[in-house]
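Encoded as structure tokens, the structure appears first; notes follow it.
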Amino acid sequence: MTKKKFSPREKSELIWGWLFIAPTMIGLIILNIIPIFQTIYQSFFKTGDFGKGNIFVGGANYVKVFSDSEVWQALFNTLKYAVVEVPLSIIISLVLAVFLNGKIKGKSTFRTIFFLPMVAAPAAIAMVWRWLYNCEFGLLNHIIPGKTNWISDPKIAIYSIAVIGIWSIIGYNMVLFLAGLQEVPKDYYEAAAIDGATGVQQFFNITIPLVSPTIFFVMVTRIIAAMQVFDVIYMVIDNNNPALMKTQSLVCLFYKYSFQQSNKGYGATVVVVLLAVIMVFTVLQMIGQKKWVHYM
Amino acid sequence: MKKNKIIIYVILVIMSLIMLVPFIWMVLTAFKTVGESTQMDPFVIFPSKFRTDNFTEVFHNVNFARLYFNTIMMIALRVLCAVLTSTIAGYAFARLNFKGKNIMFGLVLFQMMIPTQIFIIPQYVMVSKLGWTNTMMGLLFPGLVSAFGTFLLRQAYMGLPRELEEAARLDGCNIGQTFLFIMAPLTKSAMVALGIFTAVFAYKDLMWPMIVCPDTNQTTLASALSKMQGQFTSNYPELMAAALIACLPMIVIYVIFQKQFIEGIATSGGKL
């Protein structure tokens, strides 16, 4: 009597269900889930010279990471990039989104222009910016008089990189904010206008609280993405650039160790550290959101 | 009130210029001679003549037809794989009840939270063991399935009314038929959004093609550009011509289908 019997419907849902998810699940397990453990496993090995295979070294890679000044510097560079890129790109794109959400002529033209960098290959974007930043012949040094070494002065290069990052992403953030703004009821603004609130007051007292879930979402995903910055730095900063040490990110190091120096064990260690850092930041934001995110 | 409007327009126009100037400068430089591009006194903004020499030279040195073919094939295959596998899996996760579903969906969500670099070393080892380096299969490999797409399509199916399925079932459709004829056609917009999202990010991907297809003839536009930079180090007019050739088709497609592009990215990006 206790034996559970499937109804024909339940049985057919079981079969179809597993049939439908099988391709995705097999793919995910082989391509992603197992590799997570393989990468962690790999981080306990040293890749031998001349293809000697893996040598188990226990926690030696982690000990090395924590005393490796190059890794610490890269972590610091990555954080610096994120601290500049994320807040500035969010503020600029939120303001632009609010402007475009009003009664503006040429709304879709502006939107198309701001979004344009999203569809250009980062490799091409990086090349153009490198040319704009060129110390001797660049457009930027022609507009701003002086001989600033935008991308080879170790003190400012990371900020120049962050400017490229901001320029590339504001259109994307803006589109997400525009979608969030559409959810805000128009009568809130009408009521505020009747009470004599200025545009700026409306922005801080109505717009920001009501789109705070979108701001939070963009912030979390942007921080995760900024921590993984690679393309622009790889393309703009050459190996003989004096600012290399002060600009290379953790993912740049991961690429260098794993695929240029074929020390996959140490590369894996760096990427595990990156995962840990990202997780800490994400958890902190999840805790912090209760203080400022208002869900309707 | 009037004054505020003017300030808003001024800011929007200045921002538009900031967004456009790098692209304009790329185009102008691509038509200049090296001499014009490095002349400082007077500074040359417009090329004296719109020469196509840089383009001929770049086309001569780089097999762009081949790079285009590789890039388009990779994008098409990744979009096809992602949309097909995500559509069926998304439906099962949204509408069917079966044992093990929650654990499996947990894995999908888990994958979405992990930075992609974690997967790269083992994926590369698999590709090289299978002998797929410098092949189309190698380029496609990480895009065979999509956790994000599965999540996106699941959300789309969750939003559809249940009555539709019930009616189909009463008419004698089995689950496969209900899915194929009734439900899947209703999530076309989510499929398009996923397709655009997948295409844009496949096109922009740099690290994977660099690792798995180092051969200049087997790789994608993005990764070939990174190689060219080393080749023509300081010949910026030629570099800009190459960058323009690599970017132009995607930009043209974007300008034509901008509404679909922006909506596709907004609906999928917003759910990421």
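Tabulated results
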read-out	value
Index of the failed condition, B:Ala82 passing every other in (1) facing chain A (nearest Cβ under 9 Å); (2) within 30 Å of B:Met191 (Cβ to Cβ); (3) touching a Gly at 6+ places or on another chain (Cβ under 8 Å)	(1)
Helices (runs of 4 or more DSSP H) contained entirely in the range A:77-164, each with at least 3 residues that are at the interface with chain B (Cβ under 7 Å from one of its Cβ atoms)	A:107-115, A:122-133
Any hit, the range B:94-111, residues being within 21 Å of A:Gln42 (Cα to Cα) and within 11 Å of chain A (Cβ to nearest Cβ)	yes
Helices (runs of 4 or more DSSP H) (entirely within the range B:33-105) containing at least 3 residues that are out of contact with any helix residue (DSSP H, G or I) (no Cβ under 7 Å at 6 or more places or on another chain) and under 30 Å from A:Ile21 (Cβ atoms)	B:64-95
Qualifying positions in the range B:60-119 - aromatic (Phe, Trp, Tyr) and over 30 Å from A:Phe281 (Cα atoms)	B:Phe64, B:Tyr68, B:Phe69, B:Tyr91, B:Phe98
Test: residue in the range A:78-101 that is farther than 29 Å from B:Tyr9 by Cα and touching a Cys at 6+ places or on another chain (Cβ under 7 Å)	no
Enumeration of residues in the range B:1-24 that are at pLDDT 95 or above, closer than 14 Å to A:Ile104 by Cβ and crowded, with 16+ Cβ neighbours inside 10 Å	B:Leu12, B:Met15, B:Ser16
Every pair of residues 6+ apart whose Cβ atoms lie under 7 Å, when the first sits in the range B:34-50 and is surrounded by 14 or more Cβ atoms within 10 Å (Cβ to Cβ) while the second is hydrophobic (A, V, I, L, M, F, W, C)	B:Glu36/B:Val44; B:Ser37/A:Phe137; B:Thr38/A:Phe137; B:Pro47/B:Leu28; B:Pro47/B:Phe31
Condition met for B:Ala147 (facing chain A (nearest Cβ under 7 Å), under 20 Å from the mean Cα position of the chain (by Cα) and over 30 Å from A:Ser7 (Cβ atoms))	yes
Qualifying residues in the range B:163-184 (those that are within 14 Å of another protein chain (Cβ to nearest Cβ) and exposed (fewer than 13 other Cβ atoms within 10 Å of the Cβ)) - the one nearest to A:Leu19 (Cα to Cα)	B:Asn174
Residue check for A:Ser249: out of contact with any Pro (no Cβ under 7 Å at 6 or more places or on another chain), of a type in the set (Ser, Thr, Tyr), more than 10 Å from chain B (Cβ to nearest Cβ) and at positive phi	no
The range A:226-250 residues that are farther than 16 Å from A:Val71 by Cβ, paired with ones that are acidic (Asp, Glu) and part of a helix (DSSP H, G or I) (beta carbon under 9 Å, 6 or more apart)	A:Ala226/A:Glu85
Tally, over the range B:150-166, of residues that are charged (D, E, K, R) and under 28 Å from the mean Cα position of the chain (by Cα)	1
Cβ-Cβ under 9 Å pairs, at least 6 apart or on other chains, the range B:231-258 side more than 19 Å from A:Ile113 (Cα to Cα), far side assigned to a helix (DSSP H, G or I) and among the basic types (Lys, Arg)	B:Tyr236/A:Arg130; B:Leu239/A:Arg130
Residue tally, condition without any contact (Cβ under 8 Å) to a residue 40 or more places away in the chain and acidic (Asp, Glu), over the range A:117-169	1
Top-ranked residue in the range B:202-220 [being at the interface with chain A (Cβ under 10 Å from one of its Cβ atoms) and over 17 Å from B:Thr133 (Cα atoms); ranked as surrounded by the fewest Cβ atoms within 10 Å (Cβ to Cβ)]	B:Lys204
Residue in the range A:31-42 that is touching a strand residue (DSSP E or B) at 6+ places or on another chain (Cβ under 9 Å) and of a type outside the set (Gly, Ala, Ser) present	yes
Count of the range B:198-235 residues which are among the hydroxyl-bearing types (Ser, Thr, Tyr) and modelled with pLDDT under 90	4
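Residue by residue, here is whether (1) in a loop (DSSP other than H, G, I, E, B); (2) of a type in the set (Val, Ile, Thr); (3) within 30 Å of A:Trp150 (Cα to Cα); (4) at the interface with chain B (Cβ under 9 Å from one of its Cβ atoms) holds:
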site: A:Gly180; (1), (2), (3), (4): no, no, no, yes
site: A:Tyr189; (1), (2), (3), (4): no, no, no, no
site: A:Pro213; (1), (2), (3), (4): no, no, no, no
site: A:Ile233; (1), (2), (3), (4): no, yes, yes, no
site: A:Ser258; (1), (2), (3), (4): no, no, yes, yes
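The values are calculated or read from the model by the stated rules, or taken from the named source; none is laboratory data. Since the model is a prediction, treat every value here as computed from it, not as a measurement. Neighbour counts are summed over all protein chains in view; Cβ atoms, including those assigned to glycine, are modelled from backbone coordinates with ideal geometry.
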